[in-house]
Structures are given as C-alpha cells and as structure tokens.
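**Student:** Dropping the structure in here first, questions after.
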Amino acid sequence: MTTTTTRAAKKAVPESRYVPEDGLLLDVEDLHVEFHTADGIAKAINGVSFQLRQGETLAILGESGSGKSVTAQAIMGILDMPPAVIPEGKIRYCGQDLLTMDPEVRRKTRGPEISMIFQDALSSLNPVFPVGWQIAEMFRQHRELNKSDAMNEAVRLMERVQIPAARERVKAYPHQFSGGMRQRIMIAMAIALDPAVLIADEPTTALDVTVQAQIMALLEELQEERKMGLILITHDLGVVADVADRIAVMYAGRLVETADILPLYASPAHPYTRGLLESIPRLDQKGQTLAAIGGLPPNLMRIPQGCAFNPRCRMAQDICRQDRPELREIVSGRFSACHFAEEVIDA
Amino acid sequence: MGTYIIRRVLQMIPVLIGATFLIFVMVFALPGDPTDGKCGERPCSPAYIAEFKKEYNLNDNVFLRYAKYTGIWPTEQGGLLQGNLGKNYNGYKVVDDLKERYPTTAKLALVAIVFEVVIGIAAGVLTGVRKGGFLDNLVLVSTLVVISIPIFVIGALGQYFLGVKAGLFPVTVGSNPSFYELLLPGMVLGSLSIAYVSRLTRTNLVENLRADYVRTAIAKGLTRRRAVGVHALRNSLIPVVTFVGYDFGGLLGGAIVTERIFNIQGVGNYIYRGILNRDGMAVVGAVTVLVFVYLVVNLIVDLLYGVLDPRISHD
C-alpha cells in the first residue's frame, strides 16, 4: 500500500508544468495564520488574499512583525506546525490547494515548483557541506541524477549566477565565500529545478548596498529569463522600486494596500503607506526633520479593534476605532483598506 | 596541517616528561618496602635486600633514579629514551607484561565505545526529535540515575543480576578473553558515557533542528528524514565525536575498577597490582605508556575535528 502511494506521489509532479491559460500561478485566498504559544494566541496573518501571475514580480512590504515572512513560509509550507496553525484560507498553486494537498505530494513541489531564498545566506547554508554538494542535492533528491551529473549541474548554476571560477570553487564551504557570493549560491540552489514561483525573503537585507543592487539585478534577470513569478519580501521601499510590478503593503497581518508600483509611489492610498514613503530620507529635504510613523506595531495577541493602524494614524476618526475597513478597489487596479482612502489618495 | 602536527608532537615532550616525573615521585613516595613479603614468611636476608636495592637503584636519590630511568643519566641497559621500560620487581620486562595485557584493555575499550556510540546516539536522536515526549523523559531520568550511581555499584549489580542470576554473561573473564566475555564489563564501563553521549546528542540536535539551514533543507523539498538525519545530525555529531574520541583515549588507559570487578587481566589490573606491591617500575612503566597513548589519541581527535567541521582550520 505504502509503495503504491509513493509511486503515485512521484508521478504527481508532471514533466512539463501545467500553467493555467491566464498565467495565474499562485492564488492566496483569505489566509489566516495563528501561533499558539504559552502566553496566548498570536494572530500573525488575518485574512490575506493576493494573486501572482507568470512573469510578475510582487513585492510584499511591511515592518518586522507585519506577517510578511510568515506569509512566505505558509506558502512554502515550512512553518513549524505547531506552534503555527492555519485555521482558514486557501493557497492555490496552478489551481491546486497546497494546504489540503497530501504532505508527500506537497514536499515534491518545494524546489521544482515553488522555491525560496532566505535573508541570511550564511546561516541558511549548511556549514559542513560544500556549496556544490548543497546545490547538487536538489538534483540528486528530485531528479535522481548521479553524483557527477548533479555536480556538473551545480557548476553550471554557479556559473549562471556569476560566481567566478565556479568549477574550482564548487567544493568550497559556505564560510569561504563573501556575503554576496553566498547569496548567489542560495539563488543558484533555489532556481536549480526551474521553479515557477520564487519567493525571496529579504534577500539583500544582510548585504552591502552595492552588493544589494547586484543581487537584485541578478534576480530580475533570472526572473525574465525563466518567466518566474517572483515574490519579493522586504521592508525597504528603495530595493523594490526598480524591480517590482505590484506592491502589497502589510500591516498587522493584513494587506492594507495593493497597487502597481508607480501609482503607489506617486499617491499612496493608505495612511500607513504614506507614512512609509515619508520616512525615506531624501536629499532634497536635507536639514529637515525626517517624518517617522509614531508608535509601535501592535501586539499580535491584542490587535486593536477597528483598523489595526488607528492608534498610530493621524487621520483616525471614531469609525476607525470601531469598524475594520476591508480592502476595496479605490481606482481601477488599486486597493486600499482605509475608510478615508479617497481623501488619502488625493492629498 | 603539517606544521600543526609537528607543533603538537613537540608539545607532547614536556607533557610526557612532566607526567612521568610526577608519577615517578609519587609512586616512590608511597610508604612501604618493596622487599616486604618477597621471601615468604621470613624477612629477606640482608644480602638479598642489598642486591635488590642495587639492581633497582633504590639507594640513589629520587632525581638520580628518575634520570637513570629515563636514560638521561647513562646506564648500560638504557632508559625510556632508548625505549626501555625496565623490569618490574619480579624481574620481568614491563614491556612484555604490557604487550600481554594491552590487547585485553583495548578490546574492553572498544566494546565500551561501540556500546556508548550505538546506544547513546540512538537514544539522543530519538529523544532530540521528539523533545518532551515519554521517551525523552524516560531517557532523561534513566541517564540521571546512571550518572548518579558509582561504577563499582553498577558493575557489582550487573555482575550479580545479569551474570550470576540470569546467567546471560560470564561472571568473570579469563585471560585472552573473547568479545562475548567482555560484553558485560564493556556495558558497565560504557554506561556512564552512554548517559553523556545521549544527552550531548539530544541537546545539539534540538538546537540544530531550529537552525536556519534545516529550514532551508525543508524548503529544498527534502524529506524530514533527510533534513534531520543528514543536515541536522551531521552538525550535531561534531561535539559527540570529539567527546567519544577523548573518552576512548581515557578508556585505553585501562579501567581499574571494572577490570577488578570482572577480574580482567588488563592494564588497569596490572597498575592496581603494581601499586599494591609497591612495584614502582611496573606502575611508572604502564602509566608512561598510557599517557603517551592518551596524547596520541587526543591529537587524532583534534585532527578529526578539523575534518568534521570545515570551519576549523589547523594552519
């Protein structure tokens, strides 16, 4: 019985990928994630919905604790459950709900279908195995290639992500590379099996500014080459501006605004987004006090009633403390979860 | 790597000199006369005592004797530096005695090590993967019990219940023992280390299971078995292997208590009898060899550490 299920599971990943006509790769619908801890229930994600199409780059923007990384880990299926619980929601990949999928079938989607890059490449790579071995492991486990073929693939990928002298360095260990090179190795590993969806969780946060730009350029290049759907998670508006097609702004586990990148920069439709944009230091405002969003992000165990942002919002009215605003379309293609979105966008 | 080994070998010289000197001084500072009881019921004749003292340089002061023993002070038969461990007080060469006993001690150490590695790591992995479960608590309590009981109690209990009562194992061990005969003593000898190995494995595994690279392994679509068994375990075993290595070095030094309980004719028993008979030559000779073996094993373990953890460099 067990052997038949494994055999069936092996076939579940098709040779050539089926992508729906409209290019819809990922469809997240009303996702909720809670962490059940000894101190109580922390509601990390409270109803997040978004879609990702082939060749599209979606940036998810938010402060620490806004739930952006948890969203990524929920899609990837690498949350520790428990303490994490997903009480509600669907994550459809090419029409199939990942959350109700057989765990063994879902495991086989990690790598060939959906793949992920993490923030700190040094701790995310195993310190005791050579980098080439770690990349080759993808081919050995998913494609059942032999050792030398897998190693050749690893070299090819290291060359693709522009690691100099890849053939000589394939046997080197992670600590022998610089931060930027390590992140390139992470990227090589993530794209090894040509995934349809790539999730990059703060891929440049741990890097120097110049290296940041190189890594972002590489990601953009790879995405165009392979027509991947890319989810870029960041707290840095500057990083995503050039790369992203759409932006989703998260606050306290909910999307507060989604829009194409240019309209959002030009005129944000949510006070939180506006606060974020105003808090970017600008050369033409040298000498002036930098605007910052006062207060702290809410405690996820006690999210304020009404709009979660209301204690920090300059425009908050009584209605904001009572009714939670839902994400609604303000202008074509622009969504905001603010009672006064129209006023914010015009301001 | 080469220079590291040379440096370490050179460091062994002062350690060996210091260790042998201390043992030498301490052994000959013990009260009692080695000629006592040598001649049956009667006291030995003065002529015999004089001959004995001359033979073993017992009339010299301790420094001169040490110099003669090590061969720094030239003597016709040579000393340690010439590879001569001397004769014990029964007139047999210490080298021959050790050659006869060392295989037994090494076998016993091997049994104990295999036992502690297999059971210790298995227990550590099983408890580390299911932290806080029934098995975890069971192992935690039982290792605590083992750690708190002295080895002579464990040895005597094991001998009585498993050997005498149940008859599963031989109660005592003859000369040139088989591995089967050494199974029970080996388990007794390894029991304390099993506790340490299992706890060390468990602690490291629990810590490494939370590591980012294990999350990466899961994100790579590896089975949980592979993520834990290859990625987390490989890192968790580095300190365990080191501990086991040092422990093996210690066990090769003989196990006086265990060898006494089961009457195993190993190095530990030899040293015990040497101390009892005030046979300074036997004790010093045996301990010198043990110190040397321990130093060599330590060096091998340190080199192995560099192989296991590529971040450690011996340059």
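**Student:** How far is it, in nm, from the label point at A:LYS227 to the one at B:PHE134 when both lie 7 Å from their Cα along the line to the Cβ?
**Tutor:** Output for this residue pair reads 5.5 nm.
**Student:** Give the longest segment of chain A that steers clear of trypsin sites (Lys or Arg not before Pro) in DSSP loops with at most 15 neighbouring Cβ atoms within 10 Å, not counting the sites themselves.
**Tutor:** After excluding every exposed loop site, the longest remaining stretch is A:18-170.
**Student:** May I ask for the accessible area buried between chains B and A, both sides summed, probe 1.4 Å, to the nearest 100 Å²?
**Tutor:** Interface area, both chains combined: 2000 Å², rounded to the nearest 100.
**Student:** Roughly how many nanometres apart are two label points built 7 Å out from the Cα toward the Cβ at A:LEU290 and A:VAL331?
**Tutor:** According to this spin-label approximation, the distance is 2.9 nm.
**Student:** What nm distance separates the two modelled labels at B:ILE312 and A:SER279, each placed 7 Å from Cα along Cα→Cβ?
**Tutor:** 4.5 nm
**Student:** May I pose another question? Give me the distance between the Cα centres of the range B:61-87 and the range B:270-311, rounded to whole Å.
**Tutor:** 20 Å
**Student:** Among B:ILE72, B:PRO177, B:GLY83, flag the residue with its Cα farthest along the positive direction of the charge dipole of chain B, charges on Cβ as +1 for Lys/Arg and -1 for Asp/Glu.
**Tutor:** Farthest towards the positive end: B:PRO177.
**Student:** Right, another one. What is the percent of Cα-Cα separations in the range B:14-64 that go past 18 Å?
**Tutor:** Counting every Cα pair in the range B:14-64, those more than 18 Å apart make up 44 percent.
**Student:** Charges only on Cβ, +1 for Lys and Arg, -1 for Asp and Glu: so what's the dipole of the protein assembly as shown about the Cα centre, in debye to the nearest 20?
**Tutor:** In total the dipole reaches around 2000 debye.
**Student:** My understanding is that a pair violates if its Cα-Cα distance is over 18 Å; which of A:LYS147/A:LYS171; B:LYS107/B:LYS165; A:LYS171/B:LYS220 do that in this structure?
**Tutor:** B:LYS107/B:LYS165; A:LYS171/B:LYS220
**Student:** Restricting things to alpha carbons, find the Rg to Rh ratio for the protein assembly as shown using the Kirkwood radius for Rh.
**Tutor:** Over the Cα atoms of the protein assembly as shown, Rg/Rh equals 1.16.
**Student:** Still on this structure, I have one more. What is the distance in Å between the Cα centroid of the range A:149-173 and that of the range A:318-344?
**Tutor:** Cα centroid of the range A:149-173 versus Cα centroid of the range A:318-344: 50 Å apart.
**Student:** Beyond 21 Å, what share of the Cα-Cα pairs of the range B:82-162 is found? Please give it as a whole percent.
**Tutor:** Counting every Cα pair in the range B:82-162, those more than 21 Å apart make up 56 percent.
**Student:** Could you work out the percent of alpha carbon pairs in chain B separated by over 24 Å, rounded to a whole number?
**Tutor:** Of the Cα pairs, 64 percent sit more than 24 Å apart.
**Student:** What full-extension length gain, to one decimal in nm, is calculated for B:THR172 and B:LYS99 as 0.36 nm per residue of separation minus the Cα-Cα distance?
**Tutor:** Result: 24.1 nm gained on full extension.
**Student:** Report the rotationally averaged projected area of the range A:17-107 based on its alpha-carbon convex hull, in square nanometres.
**Tutor:** If I average the Cα hull's projected area over directions, I get 6.5 nm².
**Student:** Averaged across A:119-127, how many Cβ atoms of other chains sit within 10 Å of each residue's Cβ atom?
**Tutor:** Rounded to a whole number, the mean comes out at 5.
**Student:** Hey, if you put +1 on the Cβ of every Lys and Arg and -1 on every Asp and Glu Cβ in chain B, which of B:ALA219, B:LEU138, B:HIS231 ends up farthest toward the positive end of that dipole?
**Tutor:** About the Cα centre, the residue reaching furthest to the positive side is B:ALA219.
**Student:** At a Cα cut-off below 23 Å, give the lysines reachable from B:LYS87, other chains included and same-chain residues fewer than 8 away excluded.
**Tutor:** Filter leaves B:LYS38, B:LYS53, B:LYS54, B:LYS68, B:LYS99.
**Student:** Which is farthest toward the positive dipole end of the protein assembly as shown among B:TYR92, A:PHE50, A:GLY275, measuring Cα position about the Cα centre, with Cβ charges +1 (Lys, Arg) and -1 (Asp, Glu)?
**Tutor:** Toward the positive end, the furthest listed residue is B:TYR92.
**Student:** Let me ask something else about it. Assign one of three labels to the range B:100-264, namely rounded, prolate or oblate, based on the Cα gyration tensor with a ≥ b ≥ c the square roots of its eigenvalues; rounded applies when a/c is under 1.5, prolate when it is not and a/b is larger than b/c, and oblate otherwise.
**Tutor:** It comes out prolate by the Cα gyration axes.
**Student:** If the viscosity is 1.567 mPa s and the temperature 4 °C, what Stokes-Einstein diffusion coefficient in µm²/s follows for chain A when Rh is the Kirkwood radius over Cα pairs?
**Tutor:** 60 µm²/s
**Student:** Let me ask another. Would you grab the residues whose amide H sits under 5 Å from the one on A:VAL33? Only those 5+ places off in sequence or on another chain, please, with H modelled 1.01 Å from N.
**Tutor:** Under 5 Å from the amide H of A:VAL33: A:ALA44, A:ILE45, A:ASN46, A:GLY47.
**Student:** Quote to one decimal, in nm, the extra length available between A:ALA217 and A:ASP80 on full extension: 0.36 nm per residue of separation minus the C-alpha distance between them.
**Tutor:** 46.1 nm
**Student:** Here's something else I'd like to know. Taking every pair of alpha-carbon atoms in the range B:1-110, what share in percent sits in each 5 Å bin, from 0 to the bin with the longest distance?
**Tutor:** Going from the shortest bin to the longest, the percentages are 2, 9, 14, 18, 19, 16, 11, 6, 3, 2, 1, 0, 0.
**Student:** Could you tell me, in Å, what Rg and Dmax come out for the Cα atoms of the range A:206-329?
**Tutor:** Taking only Cα atoms of the range A:206-329, I get Rg and Dmax of 16.7, 50 Å.
**Student:** Please report, largest first and rounded to whole Å, the three semi-axes of the ellipsoid equivalent to the range A:279-347, where each semi-axis is the square root of five times an eigenvalue of the C-alpha gyration tensor.
**Tutor:** After scaling each eigenvalue by five and taking roots: 25, 19, 11 Å.
**Student:** Let me know the shape class of the range A:141-200, please: from the alpha-carbon gyration tensor, a ≥ b ≥ c as square roots of the eigenvalues, rounded when a/c is under 1.5, otherwise prolate if a/b is greater than b/c, or oblate.
**Tutor:** Verdict is oblate for the range A:141-200.
**Student:** Quick check on chain A: helices-only [θ] at 222 nm, where DSSP H runs of length 4 and up contribute -39,500 (n - 2.57) each and the sum goes over total residues. Nearest 500, please.
**Tutor:** For chain A, the value works out to -9000 deg cm²/dmol.
**Student:** Scan the range B:135-208 for chymotrypsin sites (Phe, Trp or Tyr not before Pro) in coil per DSSP, keeping those whose Cβ has at most 16 other Cβ atoms within 10 Å, and list them by number.
**Tutor:** Those that pass, being in a loop and sparsely packed, are B:PHE179, B:TYR180.
**Student:** Please find the FRET efficiency linking B:ILE147 to A:GLN176, where r is the Cβ-Cβ separation and R0 is fixed at 60 Å, and quote it to the nearest 0.05.
**Tutor:** Efficiency, rounded to the nearest 0.05: 0.90.
**Student:** If you don't mind, there's one more thing I want to ask. At q = 0.32 Å⁻¹, what is the log10 ratio I(q)/I(0) for the range A:79-126, with the Debye formula run over Cα points and no solvent?
**Tutor:** Summing over Cα pairs of the range A:79-126 leads to -1.19.
**Student:** Measure out, as a whole number of angstrom, how far apart the alpha-carbon centroids of the range A:46-78 and the range B:13-38 sit.
**Tutor:** Comparing the Cα centres of the range A:46-78 and the range B:13-38, I get a distance of 73 Å.
**Student:** Report the GluC sites (Glu not before Pro) located in the range B:51-149 that are in a DSSP loop and have at most 11 other Cβ atoms inside 10 Å of their Cβ, or state none.
**Tutor:** Those that pass, being in a loop and sparsely packed, are B:GLU76.
**Student:** Moving to a separate point now. For chain A, what relative contact order do you get, as a whole percent, if you take Cα pairs closer than 8 Å and at least 6 residues apart?
**Tutor:** Rounded, it is 19 percent for chain A.
**Student:** Now for a different question. Run lengths n ≥ 4 of DSSP H only: what is the helix-derived mean residue ellipticity at 222 nm for chain B, with -39500 (n - 2.57) per run over all residues, to the nearest 500?
**Tutor:** -22000 deg cm²/dmol
**Student:** Apply the Kirkwood formula to the range A:110-243: the hydrodynamic radius equals the inverse of the mean of 1/r over all pairs of different alpha-carbon atoms; give it in Å with one decimal.
**Tutor:** Evaluated over the range A:110-243, this radius sits at 14.7 Å.
The values are calculated or read from the model by the stated rules, or taken from the named source; none is laboratory data. Since we're looking at a predicted model, the values are computed, not measured. Virtual Cβ from ideal backbone geometry, glycine too; neighbours counted across all protein chains shown. Note: accessible area is taken over every heavy atom of the protein model, side chains too, but ligands, DNA and RNA are not part of it. Shrake-Rupley method; radii C 1.70, N 1.55, O 1.52, S 1.80 Å.
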